[in-house]
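The values are calculated or read from the model by the stated rules, or taken from the named source; none is laboratory data. Treat the numbers as computed from the prediction; the structure is a model and nothing was measured. A quick note on method: Cβ atoms are made from the backbone with ideal geometry, for glycine too, and the neighbour counts reach across all protein chains shown. Accessible surface is based on the protein model in full, side chains and every heavy atom, while ligands, DNA and RNA are left aside. Shrake-Rupley method; radii C 1.70, N 1.55, O 1.52, S 1.80 Å.
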Amino acid sequence: YSHETVVKASGVSEGDNLIFLSKSKLNEKLSSELAYIGSVTVKRRLPSTLELVVKKTDAKLGVAMNGYFTLLDENGKVLEKDLETVGENIILVNLGEVESAELGKVIVLKENRALTKLNAVLDECKKVGINDISLMDLSDIYNIKLVYQGRITLELGETDSENLNSKLALGKAALDKQNEENNLYRGTINLTVDGKGYWSEEVSTTEPVTEENTSESTEETSKNEEETSSVA
């Protein structure tokens with residue numbers, strides 16, 4: 001955003017009283033009206049100067065809604081709506097029923113714990129080094145699933161702050177080993193049991209274009225599952 005755009009959106013004009021200006025309200029106004037602003041630092045330089053330091057946020061997630069996509073940042077803030085496609089490096093997410101998705105505001109879900117789980121999974125994926133996640137299914141927070149490179153599903157099941165890191169670390173080790181042997185492999189790693197992981201080989205569809213498809217792409221991987229080898 002240009003300097004002029006930010007100043008206009010702030011609603012602050014020459015002659016306004018700096019003493020009574022609310023920093024929190026100004027932050028909220030700018031962040032909601034200019035969706036790609038991630039944070040605002042407001043500094044008063046008395047007697048007559050107001051300094052606004054803005055930092056951008058980026059689109060990380062895509063949610064399918066009513067046949068279109070909504071882009072979110074990693075905290076769930078709505079950045080764009082009604083898109084026919086999403087760009088590269090966007091993780092498609094199924095967060096269950098969406099109650100509201102207003103531009104510039106955090107998406108509101110029927111299951112409000114899904115967003116907390118999403119943030120936790122994203123953080124732990126970074127810590128253990130799992131990149132190239134193409135799809136995350138948190139429509140059931142007790143049966144979380146991730147899709148790696150559109151070809152390998154990691155079934156995490158129920159997670160908490162203690163076992164999430166260990167499940168993903170085990171999954172990362174299994175992915176690394178499989179990529180060394182066959183980086184075109186398609187299948188599922190079942191990590192629902194703490195400390196254990198099981199492979200099952202199968203083909204799944206992982207290119208969702210509608211709300212229903214985002215669910216189907218991960219649900220398919222649980223059908224007709226046969227444990228073929230342990231990764232634990």
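Here are the numbers for the structure shown:
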quantity: Out-of-range pairs (alpha-carbon distance over 29 Å; input Lys105/Lys127; Lys77/Lys167; Lys56/Lys167); calculated: Lys56/Lys167
quantity: Simple label model, 7 Å out from Cα along Cβ direction - Gln149 to Tyr68, nm; calculated: 3.5 nm
quantity: Potential lengthening between Val6 and Lys196 on full extension [0.36 nm per residue; Cα-Cα distance subtracted]; calculated: 63.3 nm
quantity: Rounded FRET efficiency, nearest 0.05, which uses the C-beta distance separating Ile19 from Asn163 and R0 of 45 Å; calculated: 0.30
quantity: Calculated FRET efficiency for the pair Asn75/Glu51, C-beta based, R₀ 22 Å, to 0.05; calculated: 0.35
quantity: Of Thr192, Thr116, Thr41, the one that fluctuates the most in a GNM where the chain has Cα springs shorter than 10 Å; calculated: Thr41
quantity: 222 nm mean residue ellipticity, helices alone, for the chain (DSSP H n ≥ 4; -39,500 (n - 2.57); rounded to 500); calculated: -8500 deg cm²/dmol
quantity: Gain in span if fully extended, Lys110 to Glu33, counting 0.36 nm per residue against the direct Cα distance; calculated: 25.3 nm
quantity: Using θ = phi - 60° and Karplus 6.51 cos²θ - 1.76 cosθ + 1.60, couplings along the stretch 52-59 (whole Hz; Gly, Pro as x); calculated: 10, 10, 10, 10, 7, 10, 10, 6
quantity: Residue with peak Gaussian network fluctuation, the chain [Cα springs, cutoff 10 Å], from Ser161, Ser48, Ser134; calculated: Ser48
quantity: Burial ranking of peptide ranges 168-175, 27-34 (average Cβ count within 10 Å, highest at the top); calculated: 168-175, 27-34
quantity: The chain - share of DSSP beta bridges that are antiparallel (%, nearest 5); calculated: 75 percent
quantity: Share of carbon and sulfur in the accessible heavy-atom surface of the stretch 77-170 [1.4 Å probe, %]; calculated: 43 percent
quantity: Estimated dipole of the chain in Debye, rounded to 20 [Cβ of Lys and Arg +1, of Asp and Glu -1, Cα centre]; calculated: 1420 debye
quantity: Per residue accessible area of the chain, 1.4 Å probe, in Å²; calculated: 55 Å²
quantity: Where only alpha carbons of the stretch 23-109 are counted, the Rg and the Dmax (Å); calculated: 15.2, 52
quantity: Heavy atoms of Lys23: accessible area, 1.4 Å probe, square angstrom to 10; calculated: 90 Å²
quantity: Square roots of five times the Cα gyration tensor eigenvalues for the stretch 73-197, Å; calculated: 26, 17, 12
quantity: Under-5 Å amide H pairs with Ile152, H placed in peptide plane, nonlocal only; calculated: Gly187
quantity: For the stretch 1-149, the spread of Cα positions along each principal axis, largest first, Å; calculated: 56, 34, 28
quantity: Choice from Asp194, Asp137, Asp16 showing the highest fluctuation, given a GNM over the chain with Cα pairs closer than 10 Å; calculated: Asp16
quantity: Leading residue at positive end of dipole, the stretch 8-77 (Cβ point charges), from Thr41, Gly62, Gly76; calculated: Thr41
